[in-house]
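The values are calculated or read from the model by the stated rules, or taken from the named source; none is laboratory data. As the structure is a prediction and not an experimental result, all values here were calculated from the model. Using ideal geometry, Cβ is built from the backbone for each residue, glycine included, and neighbour counts are taken over all protein chains shown.
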Amino acid sequence: MGGVTGVGGKLGRCDRYTVGHRVRAADTSAARPASGARGCRDRAPLRRGDRHPRHRRHGPPAALGRGGRGGPAGPLRRARGPGPVRPRGQGRGRDTGPHLHSHARAGHPRRGRRARQRRQYRAVPLMRIAVYGLGLIGGSVALALAEAGHEVIGGDANDATREAASEFFEVAEDPELLSRSDVAVLALPMNDDIGKHARIFHPKFFDGILTDVASVKGRPMRIFSETCRYVGGHPMAGKETSGWAAAEPGLFRGRKWVLCIDEATDLDDWTELARLWTSIGAQVVPTTAEQHDAAVARVSHIEHLVAAALTHLAADPLDRTLAAGSFRDGTRVAASPTHLVEGMIRHNAVQLAHAWQQFSDVFLETAVKIGDDLVHYDFRMRDWLDEARQLRQSWPPEPGEAEEIPLTREALLRLGVDGGWVESVHGIEVATVRRPRVKSNP
């Protein structure tokens, strides 16, 4: 049984992150401001290791230790995003000093994106969240959750990845330690044997919510839904690069995140995850696993095959010399890691075959139009190309007005069919949502 390592091996949730101002934890014996003092101007200067009185309810850092269970605090690092993660205290000079409360003294609320995020984080209960697989997606999930103040414990099969990630949150060498969490996120390639991880998160050892980030939902649903509190997930975000080095905490801001609602899905668990992912900036799209797999076959998986075909088509030296913007944009995803694309094709084969047939029909129709033009000397493809141009220019669709809907299966699935998404969750009954102004076909 491996141990858990962290920043200095001694950090817990409350030691590393608090919502609002926090002076770095080191010495709890620092003098407190005199009683009866009002306002930052009247208080005694804060010393290193002291807390602002506004946050004393969390207790001294050394006493809280690992998530409030005791143990001294260690060196502090905090993820800042988007962009590179900076060690706390070596950033932009915002981490210490009473001057941070100038807005509060003036009676004005804080403004800007960071302030909005802090207000949103306050509405989400802090949890212990396990992330297994610290590549591009899993690493970005872990960094975003750590930045939001959650206690994150990561796991990965690669020793170098675990060592690099331990600079920012706790890392478990033994995957079974991940079962000691409120939420577990499986961030593994589709080709991995996810069945063996089902044993780790068996109800005998794990009573939290299990979710994943795989681009195909049918297979995990069959494996996990009968034994776990499983909610299938898929963030529609990524890069051509992969691995921990490519991870960034801001990867999901403003991006769609599918959360599946099927017969076996517990709606309370779905709501909890929707609240969690919207708190880090994602827009949650509710749909069934079957609807998801059919849609991504058309808008993601088949594009990888077409990009690979175009790359093979232009393999001659002269072709590659003359290739420019059109070739670059049309073949961008051909640079994706082969094992990831292989997993998409293998595990979504039925839906991909159907999508390929639809594509072949469109392609054959296009070939017929080109042949007619050669015979009749009349460019009859103009209307078809104009329609395609208008469809492309209208993407992404403009969001409609915000509205509130009840958190019921029927209302959420109708929202997903309309192409809508959840922006925030209020309690357990209501969500704020938006639909695109141009609705998709049901």
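Of (1) closer than 20 Å to V299 by Cα; (2) in contact (Cβ under 8 Å) with a residue 12 or more places away in the chain, R392 satisfies all except one. Which?
(2)
Residues checked against (1) in the same structural domain as S279 (by TED's automatic domain parsing); (2) more than 24 Å from D269 (Cβ to Cβ); (3) free of Cβ contacts under 8 Å to residues at least 24 places away in the same chain; (4) loosely packed, with under 14 Cβ neighbours inside 10 Å:
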residue	(1), (2), (3), (4)
E401	no, yes, no, yes
P406	no, no, no, yes
L412	no, no, no, no
L415	no, no, no, no
W421	no, no, no, no
S424	no, no, no, no
I428	no, no, no, yes
T432	no, no, no, no
R437	no, yes, no, yes
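I'd like the full set of residues that are outside any loop (DSSP other than H, G, I, E, B) and in contact (Cβ under 8 Å) with a residue 24 or more places away in the chain, limited to the stretch 161-173.
T161, R162, A164, A165, E170, V171, A172
As an exercise: evaluate V285 against (1) part of a helix (DSSP H, G or I); (2) in contact with a strand residue (DSSP E or B) (Cβ under 7 Å, 6 or more places away or on another chain) and give the number of the one condition it does not meet.
(1)
In the stretch 288-298, is there at least one residue being in contact with a strand residue (DSSP E or B) (Cβ under 9 Å, 6 or more places away or on another chain) and polar (S, T, N, Q)?
yes
Could you check how many residues of the stretch 219-228 are in contact (Cβ under 8 Å) with a residue 12 or more places away in the chain, farther than 12 Å from I261 by Cα and surrounded by fewer than 23 Cβ atoms within 10 Å (Cβ to Cβ)?
So the answer is 5.
Please find, among G195, G155, the residue that is assigned by TED's automatic domain parsing to the domain that holds G135 and buried (at least 24 other Cβ atoms within 10 Å of the Cβ).
G155
Applying the selection to the stretch 390-416, what residues are in contact with a Lys or Arg (Cβ under 9 Å, 6 or more places away or on another chain) and not in a loop (DSSP other than H, G, I, E, B)?
P399, E403, I405, L415
Filtering the stretch 174-188 down to residues that are buried (at least 19 other Cβ atoms within 10 Å of the Cβ) and in contact (Cβ under 8 Å) with a residue 60 or more places away in the chain, which residue is nearest to I209 (Cα to Cα)?
V183
Filter the stretch 417-442 down to residues that are among the small types (G, A, S), part of a strand (DSSP E or B) and closer than 10 Å to P286 by Cβ, then give me how many there are.
Qualifying residue count, the stretch 417-442: 1.
Which of (1) within 19 Å of I129 (Cα to Cα); (2) within 22 Å of the chain's Cα centre (by Cα); (3) in a helix (DSSP H, G or I) is the odd one out, the single condition E176 does not satisfy?
(2)
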